[in-house]
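The values are calculated or read from the model by the stated rules, or taken from the named source; none is laboratory data. Keep in mind that what you see is a predicted model, and the values were worked out from it rather than measured. Neighbour counts are summed over all protein chains in view; Cβ atoms, including those assigned to glycine, are modelled from backbone coordinates with ideal geometry. To get the accessible areas, we keep the full protein, side chains included, count just its heavy atoms, and leave off ligands, DNA and RNA. Shrake-Rupley method; radii C 1.70, N 1.55, O 1.52, S 1.80 Å.
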Amino acid sequence: MGRTMRMRFAKPLYVPLGVALALTVSGCAVTSSASTPPTTMKMTIGYTAIGAAYSDLYICQDQGIFKKNGLDVKITLLNSSSQLVAALMSNSVQIGVGATTSTAAGAMNLKGVDLRYIALPINRYYLEMWGKKSVEPGDGLKGKKIGLSSPGSLGDAAVDSYVKSKGWSEDDVQKIFLKSTPAEVSALENGAVDAIVTQPPTGTKTREKGFKKVMDFTDLPAAANAYTVKSNYLDANKKAVSAFTKSEAQCLALLHNNKALAVKSIMKHSGVDNKALAEYSYDFFNPLWAKTPTVDPALVHDAFAATVAKGVGTMPKNTSEFVDNSYVDKLTKSGFINSLYH
């Protein structure tokens, strides 16, 4: 009693390489041996890349929304989407947000991994491609070297989706995996790749060095950054998950309703001190951020199917079992979400 709740940002969390690799190997014998934390309002939320896509988390921190809803939250940056399931299974994070294709791989290949998607703030690929001035979209990308962070990342999935939409072969573009978004930028600048795929404002900053925006991927639907929990954590911590989804709805409303606060948070947490870049990022994401962050079961199904198509895992009979919209639905039916916009 009397303990002060606080919101904290942690240093990046790097899951041991062996653990991360285990999650990407089909049929591995890793199991969920870590016990579920006791019921608590304290949680760590892991996200997988620096950029304005996670402005809902940034503004929640800056405006104390989690604290107001009784939560003691720490935000931690994971090294890549491929580490998200590892962090969830080790209880290093209790809620994770990242590429659904990556969590689908873990759900299909690890014994004892039972995940639930509880909120989806963006249902499109929120990425841009920046590259050399000679690079053109469409057929102009054939044969080009595309810099990406890691296999299974959102960028990797976006390129796959784009290639599929064009009816191309996966060999029509050359993917170069560079482990991190800063490494992508460096590779573009030193000529090692022709283009990179990132979220604003990361790639946007390269225009200052003579690169151009080739295209974006926002016309392609995806469960791009679904908030994910283990089912046993969800069962034991319903009050905390309810407080989280309420906070998420409030933070999305803040993003839509207060551009000045949103831009301030983007500048603080996305590594940009250029207000124009932050405003560019806000204008890019504002049409993409949901007001009601319901998880679309069809997009989750597509994420599993795309992962299976790459030879990773066996398609579950019913992927909708991984979706739990009950917390968001409760906020919708009560009129709470609607009240945030009036």
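General observations
- Segment 183-198, subset among the charged types (D, E, K, R) and touching a residue at least 24 places away in the same chain (Cβ under 8 Å), residue farthest from residue 49 (Cα to Cα): 194
- Restricting segment 260-296 to residues that are part of a helix (DSSP H, G or I), aliphatic (A, V, I, L, M) and in contact (Cβ under 8 Å) with a residue 60 or more places away in the chain, the residue that is most open to solvent (accessible area, probe 1.4 Å): 261
- From the options 183, 158, residue that is open to solvent by less than 50 Å² (accessible area, probe 1.4 Å), more than 22 Å from residue 222 (Cβ to Cβ), outside any strand (DSSP E or B) and of a type in the set (Gly, Ala, Ser): 183
- Subset of segment 228-259 that is among the basic types (Lys, Arg) and within 24 Å of residue 117 (Cβ to Cβ) - its residue that is least open to solvent (accessible area, probe 1.4 Å): 230
- The test for being open to solvent by 50 Å² or more (accessible area, probe 1.4 Å) and modelled with pLDDT under 95 holds for residue 309.
- Restricting segment 186-207 to residues that are aliphatic (A, V, I, L, M) and under 21 Å from residue 276 (Cβ atoms), the residue that is surrounded by the most Cβ atoms within 10 Å (Cβ to Cβ): 196
- On inspection, residue 99 passes the criterion of being modelled with pLDDT under 90, hydrophobic (A, V, I, L, M, F, W, C) and crowded, with 21+ Cβ neighbours inside 10 Å.
- Pair list, Cβ < 6 Å and 6+ apart or interchain, from segment 55-80 residues that are at positive phi to residues that are aliphatic (A, V, I, L, M) and open to solvent by 30 Å² or more (accessible area, probe 1.4 Å): 70/41
- Among the conditions (1) part of a loop (DSSP other than H, G, I, E, B); (2) more than 19 Å from the chain's Cα centre (by Cα); (3) in contact (Cβ under 8 Å) with a residue 60 or more places away in the chain, the only one that residue 151 does not satisfy is (2).
- Among the residues making up segment 62-77, those that are open to solvent by 10 Å² or more (accessible area, probe 1.4 Å) and either closer than 15 Å to residue 95 by Cα or of a type in the set (Ser, Thr, Tyr) (or both) are 74, 77.
- Checked against the criterion of being over 27 Å from residue 89 (Cβ atoms), polar (S, T, N, Q) and part of a helix (DSSP H, G or I), the candidates 245, 332 yield just one match: 332.
- Any chance residue 225 is within 26 Å of residue 106 (Cα to Cα), at pLDDT below 95, crowded, with 22+ Cβ neighbours inside 10 Å and of a type outside the set (A, V, I, L, M, F, W, C): yes
- So residue 307, is it farther than 22 Å from residue 110 by Cβ and part of a helix (DSSP H, G or I): no
- Restricting 277, 299, 234, 340 to those that are farther than 24 Å from residue 110 by Cα, hydrophobic (A, V, I, L, M, F, W, C) and at pLDDT 95 or above reduces the list to 340.
- Boolean, residue 87 is within 17 Å of the chain's Cα centre (by Cα), small (Gly, Ala, Ser), crowded, with 24+ Cβ neighbours inside 10 Å and within 30 Å of residue 187 (Cα to Cα): yes
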